[in-house]
Amino acid sequence: MQIFQIDRFLLEHHIKSNASRIRGIVLDVGAGTVARYRHYFKYEKYIRMDIRQEKGIDVVGSVELIPFPDNTFDSVICTQVLEHVVHPERAMSELNRVLRPGGVLLLTIPQASELHEEPNDFSRFTKYWIEQMAQEFGLKVELLMARGGMFSMISQFLTRYCIDRGSLYHHRIWGAIANRCFRMLGRCAILMDRFDTSDANRKHTLGWLAILTK
């Protein structure tokens, strides 16, 4: 059963809207068991890597020590992974290392979210962290996109609280009702963020999508 969460909705929308930047030989770091975004990309070869051997995973490895030589990939995708590693700066170094000159890194990170995948949940990030990492590793920031504003953040937190508090994934009927309610709430939040262009709203976001080139 799926229950609408605005964070996931916006994340997928942002990745889809930038999918044309991905090309050639692609590494999906922390791909997980569900290839959510692969069908959006055009590529020569697509390699899925994760820390655990699961169905559909091509290579087992950590983002802090990627088991490939330097300059291997034309594109690297790393979505919602860095908050789960102890040393995210080391992970950024590895993502840069395996990327070919002229290659593209599509990175998404959270700025605000509930605890998840505990106890392996360590960090949250701002756009300034991305800019600092790009400067340190000689990457060019082509795009920085915020994932919603304050209203989207409130919508996500309320949704996630209700899901956890009511164990909604384990209750089919209540989960289906909640799904419709959260979808309407999410749509309202997106509209409110669209109309509120203030600095106050700009400071609040669920996270960031970055397009970096080497």
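Here are the numbers:
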| read-out | value |
| --- | --- |
| Across Lys55/Lys127; Lys45/Lys127; Lys140/Lys203; Lys42/Lys214, pairs whose alpha-carbon gap is larger than 27 Å | Lys55/Lys127; Lys45/Lys127 |
| Calculated diffusion of the chain, Stokes-Einstein form, Kirkwood radius summed over Cα pairs, 25 °C and 0.890 mPa s, µm²/s | 136 µm²/s |
| Per-residue [θ]222 nm for the chain (sum of -39500 (n - 2.57) over DSSP H runs n ≥ 4, rounded to 500) | -11500 deg cm²/dmol |
| Amide H contacts of Arg147 (H built 1.01 Å from N, under 5 Å, at least 5 apart or other chain) | Leu206, Gly207, Trp208, Leu209 |
| In order through segment 178-194: 3J(HN,Hα) via Karplus (6.51 cos²θ - 1.76 cosθ + 1.60), integer Hz, x for Gly, Pro | 4, 4, 5, 5, 5, 5, 5, 4, x, 5, 5, 5, 4, 5, 5, 5, 5 |
| 3J(HN,Hα) from dihedral phi, segment 73-88, Karplus parametrisation 6.51/-1.76/1.60, rounded to Hz, x for glycine, proline | 10, 6, 9, 10, 10, 9, 10, 6, 10, 5, 5, 9, 10, 6, 10, x |
| Whole-Hz ³J(HN,Hα) from phi, Karplus 6.51 cos²θ - 1.76 cosθ + 1.60, for segment 28-40, glycine and proline x | 9, 8, x, 5, x, 7, 10, 7, 5, 10, 3, 5, 7 |
| Accessible carbon and sulfur surface of segment 46-168 relative to its total accessible area, %, 1.4 Å | 54 percent |
| Degrees separating the helix 6-17 axis from the principal Cα axis of the chain, which is the longest one | 40 degrees |
| Distant-in-sequence amide H partners of Tyr46 (H built 1.01 Å from N, under 5 Å) | Val26 |
| Per residue accessible area in Å² of the chain, where ligands, DNA and RNA are left out and the probe is 1.4 Å | 54 Å² |
| Distance between segment 129-196 and segment 83-127 - C-alpha centres, whole angstrom | 18 Å |
| Among Gly30, His13, Met150 - extreme Cα towards positive end, dipole of the chain, charges at beta-carbon | His13 |
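The values are calculated or read from the model by the stated rules, or taken from the named source; none is laboratory data. Source: prediction; values computed, not measured. Because the Cβ atoms are built from the backbone with ideal geometry, glycine has one as well, and the counts that use them run over all protein chains shown. Just so you know, the surface numbers come from the protein's heavy atoms only, side chains and all, with ligands and any DNA or RNA stripped out. Shrake-Rupley method; radii C 1.70, N 1.55, O 1.52, S 1.80 Å.
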